[in-house]
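Contents: one structure, followed by commentary.
Read the figures in this text as sums done on the coordinates, not as results from a lab. Here the structure is a predicted model, which means the values were calculated and not measured. Because the Cβ atoms are built from the backbone with ideal geometry, glycine has one as well, and the counts that use them run over all protein chains shown.
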Amino acid sequence: MKLIVLGGGPAGMTAALQARELHAEVTLLESKRAGGTSVNDGPAPVRTLARAARLARDAGSWETFGLQGARPHIDLAAVLANARRVAQYAHEKKHMAEYIRSTGVELIEGVGPAHFLDQHRVQVAGGRTWQADKIIIAVGGHGRILPIPGAELALTYSDIWSLTQLPASIAVVGGAATGCQLASILEDFGCQVYLLELAPRLIPQEDEDIALALAEAFGKQRMTVITGAQTEHLEKTDSGIQLHYRKQERPASLTVGAVFFATGWPGNVDSLNLAAAGVVTERSYIPVNDYLQSNVPHIFAAGDINGQSMLVQSARYEGRIAAENAVLGPYRRFTHEIVPSGSFTDPEYASVGLTEAQARQEYDCAVAVVHYDDLLRPVADGHPDGFCKLIVDRRHRYILGAHVIGEYSVEIIQMVAACIASGMRVEQVAELQLAYPTFTEAVGMAAQKLVRELGLAPLPQLWSDIK
């Protein structure tokens, strides 16, 4: 069986390798360079920027630990060069292109966007054409530019790599994960940051307590957070870029050195000529069924292009399932019920499962919160702000969701995801012998609180409860 995979990001590479393992004849077409956004200008290099930003902020607490020295100067060129080095390392360490080809996959890089000629044929610039029995579309997405006057003056997060110097002030439009992360990094680098979000609160998809805590933390820094703000237009002035917005029907404006849009991530559907294949789209995405099939059964869509879950881990998972269903026939359904996610903001936040509001709508649930300042490790490390929230079903005692904000949140949430996936009940989590002193103790302490509340078993008092 011949299979074409369009896109060499996490979904596309995983799909190609899985299909090849199932003995399909696979061609992988990548418009630029294998690796996709995640390696080239997404999570890998952005995490490097977040680390540099955090080091800059932590320098302000040196004296607390008895350390003397001047606060380091931000060398933007060197910071960006290091981020690019990390991206290059990811390519070289994984030997992406070489490994893919070594499996027997025909990998074609740098051919530009492919487009459909009909339901079984695709073509790239220059006229070269491929034909296959099945096709998996995994071409990812791109940063959305608001359709407003002056939008050409704005940048997206990808443009951060082209900066030669840091503007004194920056506005970030969009307060979801990407916008908050970008705003946090730039604030730690010393910029005056204005973060505007249309919704009533930041990160509206996250648990409300996490969103409120993040906004409070940003407010304690130099950042100005403006929620309920609709950006209307941009204009160039002698003093910079003037951003006009409306809040509670009242017009307002601010002037900054640069404006970044972080207002969504539409799929890269425009260049595909999907009409030629009869594939329908909705809001710049390809809708799929439980088997990741489009409305054309032999054409699948995996990763950002289907609009399901804009996460690398989800893209890899979908790529594997799409490949199995394409080669073996549709038999395996996909689900995103247990997907840990987070953002490398300052402070970090992370989540898995249902928010408290979602859980209370569907279940009779119990909730426990453990604050970081009840743990030794966060206090010893100088990061006592944060908390871990654990949500369980009272009847069956399974974990429904967990939400963490504070140092190492993204690492902590992986443990909870593993507990959920393995079907552990809260009393089993409470009995885990977690290393001391660690941040992960917050999960165990939250589980112990819930065990007491549910009357499951007597446990010793928590140290934090002893007065």
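Structure summary
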quantity: Rg/Rh (Cα only; Kirkwood hydrodynamic radius) as it applies to the chain; calculated: 0.99
quantity: Relative contact order [Cα under 8 Å, 6+ residues apart], the chain, whole percent; calculated: 14 percent
quantity: Span per principal axis, largest first, for the Cα atoms of the range 1-134 (Å); calculated: 66, 30, 21
quantity: Sites Gln248 and Glu98 - FRET efficiency at Förster radius 41 Å, r taken between beta-carbons, to 0.05; calculated: 0.15
quantity: Relative contact order [Cα under 8 Å, 6+ residues apart], the range 347-455, whole percent; calculated: 31 percent
quantity: Selected from Ala151, Ser409, Pro384, residue furthest toward positive end of dipole (the chain; charges at beta carbon); calculated: Ala151
quantity: Relative packing of peptides 118-124, 324-330, 245-251, 442-448 - highest average C-beta neighbours within 10 Å first; calculated: 442-448, 324-330, 118-124, 245-251
quantity: Computed magnitude of the charge dipole of the chain (debye, nearest 20; Cβ of K, R +1, Cβ of D, E -1); calculated: 640 debye
quantity: Within straight-line cross-link reach of Lys220, aspartates and glutamates at Cα separation under 13 Å, skipping those fewer than 8 residues along the same chain; calculated: Glu187, Asp188, Asp346, Asp385
quantity: Ordering of 380-390, 65-75 by burial proxy (mean other Cβ atoms within 10 Å per residue, highest first); calculated: 380-390, 65-75
